[in-house]
Amino acid sequence: MNLFEEALLSYMGEENLEKVRSCKIGIAGAGGLGSNCAFNLVRSGFKHFVIADFDVVEFTNLNRQFYFAKHVGRKKVDALKENLLHINCDLWIETYREKIEPHNVGDVFKDCDVVVEAFDQAHYKRMIVEHYLNSDKLLVSASGLAGWGKSDEIQVHRIKEKFYLIGDLETGVGEGIPPMSPRVNIAAAKQADVVLSYVLGENPHVKG
């Protein structure tokens, strides 16, 4: 146990810390949701990750994603791994640099206990949800987090026993409704909090 984990131990206790340390998290997408959810999970003690994204960091990502100007042009999964290791140097991170499609969606996260859906495009979001909806894994997705203001409307919705959906379920990215850091980060943090609560054996607080 390194010094970071010893510090977490004082907050969480040995039993809770062991629960999160033994859980393997799959993150589908390393953009605004995925990168910010990942750092919240690492700061909560999670150590085992599979992070999948084929894209590279661009300057247009820096307004909301967990990257810096020096990462522009690099694969997101590589830059994110580097940043997460600056929080806890003893992480085990598997990176997947190919696009997730129907032929490989079942293989990428097959050994994970939790799958966090963090894609931008509806087609890929739906593919992840449909594949893992009836699995034994906890599935946490997001819908409706663009723009600014009305952040209290970003809620946790329990759809099934092991499927949670975070967002206002309405506000998608569009003309005049860009993806901005505050609401994206709120949704990502709520995704991480659902994972943490569930792994610790508590029911996440849900809307309605």
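Under a crude label model (7 Å from the Cα following the beta-carbon direction), how far is R43 from D152 in nanometres?
2.4
What are the ³J(HN,Hα) couplings of the range 20-37, residue after residue, when phi is run through the Karplus curve with 6.51, -1.76, 1.60 and θ = phi - 60°? Round to Hz, x for glycine and proline.
Here the 3J(HN,Hα) series is 6, 5, 9, 9, 9, 10, x, 10, 8, x, 10, x, x, 6, x, 5, 6, 4 Hz.
Kindly provide the helix-only [θ] at 222 nm of the chain, computed as the sum of -39,500 (n - 2.57) over DSSP H runs of four or more divided by all residues, to the nearest 500 deg cm²/dmol?
For the chain, the value works out to -10500 deg cm²/dmol.
Calculate, for the range 1-64, the solvent-accessible area per residue in square angstrom, rolling a 1.4 angstrom probe over the heavy atoms of the protein chains.
So the range 1-64 comes to 41 Å² accessible per residue, rounded to a whole number.
What relative contact order, as a whole-number percentage, does the range 5-84 give when Cα pairs under 8 Å and 6 or more residues apart are counted?
29
Contact order normalised by length for the range 1-160, with contacts defined as Cα pairs under 8 Å and 6 or more residues apart; what percent is it?
24
At 1.4 Å probe radius, can you tell me the per residue accessible area of the range 73-178 in Å²?
54
Can you compute the FRET efficiency between R126 and E5 using 1/(1 + (r/R0)^6), with r the Cβ-Cβ distance and R0 = 45 Å? Round to the nearest 0.05.
0.75
Give the label of the value calculated from the structure for semi-axes √(5λ) of the Cα gyration tensor in Å, choosing from (1) 31, 18, 16; (2) 23, 20, 18; (3) 37, 18, 13.
(2)
How big is the range 40-154 by Rg and Dmax over its Cα atoms, in Å?
14.9, 40
Counting only protein heavy atoms and a 1.4 Å probe, tell me what percentage of the range 55-163's accessible area is made up of carbon and sulfur.
49
Do any of K70/K162; K75/K190; K47/K162; K47/K76; K70/K110; K99/K190 go past 30 Å between their Cα atoms, and which?
K70/K162; K70/K110
For q = 0.11, 0.14, 0.17 Å⁻¹, what log10 I(q)/I(0) does the range 89-166 give under the Debye formula with an equal point scatterer on each alpha carbon and no solvent?
-0.34, -0.54, -0.75
Taking the alpha-carbon centroid of each part, what is the distance from the range 115-154 to the range 1-61 in angstrom?
18
The values are calculated or read from the model by the stated rules, or taken from the named source; none is laboratory data. Computed from a predicted model, the values in this text were never measured in an experiment. Here Cβ is always computed from backbone atoms with ideal geometry, including for glycine, and neighbour counts include all displayed protein chains. Note: accessible area is taken over every heavy atom of the protein model, side chains too, but ligands, DNA and RNA are not part of it. Shrake-Rupley method; radii C 1.70, N 1.55, O 1.52, S 1.80 Å.
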